[in-house]
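Bear in mind these aren't lab numbers, they're just calculated from the coordinates by the rules spelled out. Note that the coordinates shown come from a computational prediction; the quantities given were computed from them, not determined experimentally. Quick reminder, even Gly has a Cβ in these numbers, built from the backbone with ideal geometry, and neighbours come from all protein chains shown.
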Amino acid sequence: MTSPQTPLMQQYREIKGRHQNAILFFRMGEFYEMFYDDAETASRVLGLTLTARNNGGAAEVPLAGVPVKAAADYIRRLVQQGFRVAICEQVEDPKVAKGVVRREVIETVTPGAAFSDDLLDGGRNNFIVAICAGAGRETAKRDAADRAAASDYVGIAAADVSTGELRLITAIASELDPLMARLSPREILLPASAQLPLPASRSDALITEREAWEFDEPLAREDLARQYGVLSLEGLGLTANDGLMVGAAGALLRYLRELQPSGLPQLARPLVERPGGVMPLDEMTRRNLELVESLRGGGVDGTLLAVLDRTGTPMGARLLRQWVLAPLTDRAQIDARLHAVGVLAADVASREAMRDAIDDVRDVERLAAKAAAGRSTPRELRALGDSLCALPAVANALHRIAHGGRLAEILSAWDDAAELASSLCATLVDRPPIAIGDEPAIALGIDADLDSLRGLRDGGRDAIARIQADERERTGITSLKVGFNKVFGYYIEVTNPNLHLVPLDYQRRQTITSGERFVTTALKEYEEKVLTAAERIEARERELFESLRIAAGKEIARLQRIGRAIAELDVLATLAEVAAREGYVRPTIVDDFALEIVAGRHPVVERMMPRDKFIPNDLTLSSDARMIILTGPNMAGKSTVLRQIGLIALMAQIGSFVPASAARVGVVDRIFTRVGASDNLVRGQSTFMVEMSETSAILHTATSRSLVLLDEIGRGTATYDGVSIAWAVTEHLHEHVGCKTVFATHYHELTQLSEELGALRNYNVAVREAGDQILFLHRLQPGGADRSYGIEVGRLAGLPGAVIERAREILRVLEGEHLAGAHDAATGLAGVRSARAAERGASAADQLGLFAAPHPLVERLASLDVNVITPIDALTILARLVDEAKRSG
Ligand code: ADP
Ligand code: MG
């Protein structure tokens, strides 16, 4: 039957041809069969036995199958591994089919379009995104400047079918990385042959290529308008300039429809996001500030999110994660959040009442999406009902405090969906089963038919119970029992010692070790009544449940709005709770340049030590003191203070209170954090090259409104190179970018830059020397560190005494030379800059190779001007230089 030539295999090949990039689950009776490559993949991934069928000498067809009953689990495993699974069902009754039974793919399950709870994480969205790049696209209506920049933009449509959320985003192409990190999609749709370099932050997303025309804007406009029943996309907040994201949305809708031929999952009206609305956070900044993933292990422990996340609902958890990864850049919006958090932080009773009420709300977004997709179980529908029934309590709490601002806005748009809530809670029993069947799902008193059927069934059951009593009396067998099993139905069981008492009208059905089982005509008559009633009860319950589910599904748009309101309240109340519990204050948000932090703390590090052990620090950056060189020995606390500045600015801009006793935050457009290569152990393949290309990216993208935090940049190479690069980067940021900068470095030589750069200030993290020992005070103070204290740190780390002594000796020699010749590394550098290379005699320092003057070859190269020499001359000069280099090397 599975020979390649049979009509069945022809049908298979024809269907498979339309689902080439999916594993095809081909329904055959009680099994889903897979053939050819699909069979091989499935047997490898799922550990199934691979068989081959060979009918009548035809070629062998590899075959693997899974029972229909267990299919859900196999599908989940395949999808988790990043495969798509197309489910092909028999769509006519095999008994009445003429020839081969008709089959159709009824659904394709992919990582990006998943409903099953096993495939979802409550605290994260499960996004599928389509990306449409600007390259080569022209929109007539764009003005010249826009057109020039068109190729630098990407349009993104991101849908979470498990919550019904749809986001349309336009972003600058270079911000694709922060965006992918924020959305962390499970699947990405790209136009075929799109030359779009996907950033590493796409992580393990499945890439799905689609035909380029599917991203066409005019087609997509029509499709979107039809989907949302609007005449023009203006109604959705989209304009003529939004072609890229509209195109992406078109491709996405088309794909989702293809996955679910029976109907596109319900999507709420799109949330539109344009460039500049939120702060893009690049990968290194996300990682170094440990926002949602810790450097060690990559888990959420030890991250800012872990400190902030006290949300009561999965919707709140998802939203908070989105907020942390997308700080706002608009002062009014930030203030709106801070105001709401402030109100909730100040009123403990209302906050607690609200958090308690929110605790009773379950994942309304996902429960509603399931209802709309026809996938809810009775238990889930009841959970939706219970969640809705909890809403009035939330509204009551909100009512007490919503006197203005965002809270009042949420309250004025409040919707309890009261009718749906009461119909769900009244119709379903308190604790319904997972499926309609043995246990009742529909409550008593809802449906007269159902109740009378139940009466019939229960009457039958009572009658059967009575039969046991009657038969005991009639036969005198006191151990006689009436029982039930699925195969034989109701039976009378008599134990072996009593078999001689069994009356003639008993019909034997089954022998068991302890006795025999019989039936009687009366018993079978009642059984018939009970069982047919049970069947009809199930059918009726199913009908009632279906119409309830449909009613809930119809309200999807409302339920999504409710879910979103709860998510926002949950996050605002959570931020207030954390603020109160951790002693955070409301930052003052301003539009000027300043960043002033009084007694700031690191929100994560302070929690790792006993209360009040963390030493708070002040820090001020202003336009005429916008750059800080932060020196101090290893372990002093430089990296900690650096990160806490970044975290405080970021927390303020997501609308959170901050760990400080006061803070004034001038909105920043971006935060950059870079860590020198040798400090940056976690990246694994981290090299000096990576460090430099990251630094270069900052120099190119930072604006005067950015906050740049550099930690030991220039450390990944030799000291002399390192100091030089650090020096030049600092100059550039100061002179050409003008951003707020904090640069932590153990190169105390850099402190000399303050003589040259007007807006640069030196700070150091204080240590106290006590004899040979040093004590870390973790306190920031003005002025540069005078030296590196490396030897003291080495001593603390347990270097042998003899090595420490020898190091001190060498240091004394070097310092002696330095004083005698007035040439330390930094003044040496100043010398290079002013082109007066030191003409110094051989010193101990030179012998150690630390402070060598520039090589003559370098000077020769520097004197060349490639613009005025011919190619031939260039070659000749090059040959000569190579010769000299060989001789001198
Ligand atoms: P550095 O970058 O100067 O080498 P770190 O910032 O890595 O130093 O800090 C080293 C350790 O010192 C941290 O792990 C932390 O335990 C402690 N530390 C840092 N700052 C403080 C502080 N302000 N108060 C208390 N302990 C701190
Ligand atoms: Mg450090």
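Okay, here's what the table says:
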quantity	calculated
Stokes-Einstein D (µm²/s) once Rh is taken as the Kirkwood radius of the chain over alpha-carbon pairs, at 10 °C in 1.306 mPa s	48
Volume per residue of the C-alpha convex hull in region 7-109, rounded to whole Å³	101
Dipole axis of region 450-545 (+1 Lys, Arg; -1 Asp, Glu on Cβ), positive-most option in 497, 460, 477	497
Spin-label model distance (nm) - residue 700 vs residue 448, 7 Å beyond Cα toward Cβ	7.7
Mean separation of Cα contacts under 8 Å (6+ apart) over length of the chain, as relative contact order %	8
Diffusion coefficient, µm² s⁻¹, Stokes-Einstein with Kirkwood Rh over alpha-carbon pairs of region 481-608 at 25 °C and 0.890 mPa s	108
Local electrostatic count at residue 733 - Lys and Arg +1, Asp and Glu -1, tallied over other residues with Cβ under 10 Å	0
Structure-based [θ]222 nm, the chain - -39500 (n - 2.57) summed over DSSP H runs of at least 4, per residue, nearest 500	-13500 deg cm²/dmol
Using θ = phi - 60° and Karplus 6.51 cos²θ - 1.76 cosθ + 1.60, couplings along region 208-224 (whole Hz; Gly, Pro as x)	10, 8, 10, 4, 4, 5, 5, 8, 5, 5, x, 4, 5, 4, 4, 4, 5
Of 24, 602, 349, farthest towards positive along the dipole that unit charges on Lys, Arg, Asp, Glu beta carbons give the chain	24
Local electrostatic count at residue 468 - Lys and Arg +1, Asp and Glu -1, tallied over other residues with Cβ under 12 Å	0
If the convex hull is drawn through the Cα atoms of region 121-275, its volume per residue in Å³	110
All lysines inside 24 Å of residue 613 as judged from Cα atoms, apart from same-chain residues fewer than 8 positions distant	638
Neighbourhood charge, 13 Å Cβ-Cβ cut-off, centred on residue 415 and excluding it, Lys, Arg +1 and Asp, Glu -1	0
Under Karplus coefficients 6.51, -1.76 and 1.60, residue-wise ³J(HN,Hα) of region 441-457 in Hz, glycine/proline x	10, 8, 5, 5, x, 8, 9, 4, 4, 4, 5, 6, 4, 5, x, 4, 4
Per DSSP, loop trypsin sites (Lys or Arg not before Pro) in region 549-633 with at most 15 further Cβ within 10 Å	611, 613
Where the Cα pairs of region 622-766 fall when distances are cut into 5 Å bins, in %	2, 10, 20, 23, 23, 14, 7, 2, 0
Cα-centred dipole magnitude for the chain, charges only on beta-carbon of K, R (+1) and D, E (-1), debye, nearest 20	1000
Hydrodynamic radius of region 240-295 per Kirkwood, over alpha carbon pairs, in Å	14.6
Full-stretch length increase - residue 419, residue 781 - with 0.36 nm per residue and alpha-carbon distance subtracted	124.0 nm
Relative contact order %, region 164-279, counting alpha carbon pairs below 8 Å whose residues are six or more apart	37
Interatomic Cα distance distribution for region 270-382, bins of 5 angstrom, percent	2, 9, 13, 17, 18, 17, 14, 8, 2, 0
Positive-end residue of 181, 724, 518, charge dipole of the chain with Cβ unit charges	518
For region 450-545, radius of gyration divided by Kirkwood radius, i.e. Rg to Rh on alpha-carbons	1.06
